[in-house]
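The values are calculated or read from the model by the stated rules, or taken from the named source; none is laboratory data. The model shown is predicted, which means the values in this text are computed figures rather than measured ones. We place every Cβ from the backbone using ideal geometry, glycine too, and count neighbours over all the protein chains shown.
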Amino acid sequence: MRLRRYLHNTPAFVKWLYPNRVWDIKSTNSIYLTFDDGPHPEATSFVLEELDRYQSKATFFCIGEKVKQYPEILETTISKGHNVGNHTNNHLNGSKSSFDEYIKNVERCHRTLNEVGAIKGKRLFRPPYGRLTGGQAKYVGREYAIIMWDNLIGDFDQTLSSRECLRRAIANIRAGSIVVFHDSQKSFGSLKNVLPDFLKAVNDKGLISKALSSVDLHPQ
Ligand SMILES: [Zn+2]
């Protein structure tokens, strides 16, 4: 079996290493789907339709420059009662960016989201690639809940078949989980195969997806 550079299931020791980040939620009947890297005209619209089938809500971590390109897609997302979070303006990798550059990029995304009325309640942030230096995390963490995950869907991995991607995704379904999909051009091929069956499996297990605004976001 080939080794992959990411883990589908976040190990407990990683959660323990970064206790100030939100990895999962205490819940017995909900799951928290999140979609990164949008908005995207086809992918996001597809996701919104699929979520509607199960009266599900989700959280969309948007890239500022994409919001500028497709503000109407984000407006539709908000009007359907979903949550929106900050994913930087240009999808920066924290460990490859200076403190100043990174913070400015986060703030730029915030201004763009604010302009379209996407910021409601607690501010949510997800670092692209999950990468953040200690200094960046401390600064961002003052204003934002830093939302990580415990079920990373391999929809971005072009070497993973949709079938195998779905199998792993379903094997990791559990109450309280924060799940990451990607509503981007790159992932759409896999996303459209995986998401419908994933949502059905969630429903079959008696769970429903909710937006992160519906819970208390205290880190563990
Ligand atoms: Zn991303």
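Numbers at a glance
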read-out: Residue within segment 39-62 that is among the aromatic types (Phe, Trp, Tyr), touching a His at 6+ places or on another chain (Cβ under 9 Å) and either closer than 17 Å to residue 128 by Cα or modelled with pLDDT under 95 (or both) present; value: yes
read-out: Residue count for segment 180-220, restricted to those that are part of a helix (DSSP H, G or I), within 17 Å of residue 57 (Cα to Cα) and among the hydroxyl-bearing types (Ser, Thr, Tyr); value: 2
read-out: Pairs, first modelled with pLDDT under 95 in segment 177-189, second of a type in the set (Ser, Thr, Tyr), C-beta under 8 Å, six or more apart; value: 189/162
read-out: Residue among 184, 95, 162, 177 that is in contact with a Leu (Cβ under 8 Å, 6 or more places away or on another chain) and small (Gly, Ala, Ser); value: 95
read-out: Flag for residue 72 being more than 16 Å from the ligand (Cβ to nearest atom), assigned to a helix (DSSP H, G or I), without any contact (Cβ under 8 Å) to a residue 60 or more places away in the chain and among the acidic types (Asp, Glu); value: yes
read-out: Residue match in segment 98-105 (condition: more than 15 Å from the chain's Cα centre (by Cα), crowded, with 19+ Cβ neighbours inside 10 Å and over 17 Å from residue 119 (Cβ atoms)); value: yes
read-out: Unique match (being more than 26 Å from residue 204 (Cβ to Cβ), within 16 Å of the ligand (Cβ to nearest atom) and at pLDDT 85 or above) among 21, 5; value: 21
read-out: All positions within segment 100-133 that are farther than 21 Å from residue 44 by Cα and in contact with a Ser or Thr (Cβ under 7 Å, 6 or more places away or on another chain); value: 105, 106, 121, 122, 131, 133
read-out: Residue 14 vs. criteria touching a Pro at 6+ places or on another chain (Cβ under 9 Å), among the β-branched types (Val, Ile, Thr) and on the phi < 0 side of the Ramachandran plot; value: no
read-out: Boolean, residue 94 is over 16 Å from the mean Cα position of the chain (by Cα) and surrounded by 19 or more Cβ atoms within 10 Å (Cβ to Cβ); value: yes
read-out: Given (1) within 16 Å of the ligand (Cβ to nearest atom); (2) on the phi > 0 side of the Ramachandran plot, index of the condition residue 81 fails; value: (1)
read-out: Tally of residues being within 16 Å of the ligand (Cβ to nearest atom) and either surrounded by fewer than 11 Cβ atoms within 10 Å (Cβ to Cβ) or part of a loop (DSSP other than H, G, I, E, B) (or both) across segment 24-40; value: 4
